[in-house]
1. From the list [x] 14.6, 46; [y] 12.6, 33; [z] 10.0, 29, can you say which value of Rg and Dmax of the Cα atoms in Å was derived from the structure given?
2. Using a simple charge model, +1 on the beta-carbon of Lys and Arg, -1 on the beta-carbon of Asp and Glu, nothing else, what dipole does the chain show about its Cα centre, in debye to the nearest 20?
3. Quick check: residue separation of residue 23 and residue 41 times 0.36 nm, minus the Cα distance between them. What number comes out in nm?
Amino acid sequence: MPTGDYSRGTHTGDFFGAAPTGKPFVTGGVDMVRVVDGLLIEHWAYAAPLQNRE
């Protein structure tokens with residue numbers, strides 16, 4: 001089952017090793033899960049790098 005999401009905000013603290021810039025950012029990701037008999041069996045995730053918005 002795939003899901004996608006995105007987040008946006010102001011970069012005020014360390015984020016995946018990126019030093020804070022005080023600038024707006026946008027990032028997104030995709031999660032894939034495999035469910036068997038109502039149980040989550042496997043999970044794969046991808047998080048996109050930060051994109052500054054000026």
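Throughout, read-outs are computed from the coordinates displayed, never taken from laboratory work. Predicted model, so just to flag it, every value in this text is computed and none were measured. Positions of Cβ are generated from backbone atoms using ideal geometry, with glycine treated the same way; all protein chains shown enter the neighbour counts.
1. Matching entry in [x] 14.6, 46; [y] 12.6, 33; [z] 10.0, 29: [x].
2. Dipole size: approximately 240 debye.
3. 2.7 nm
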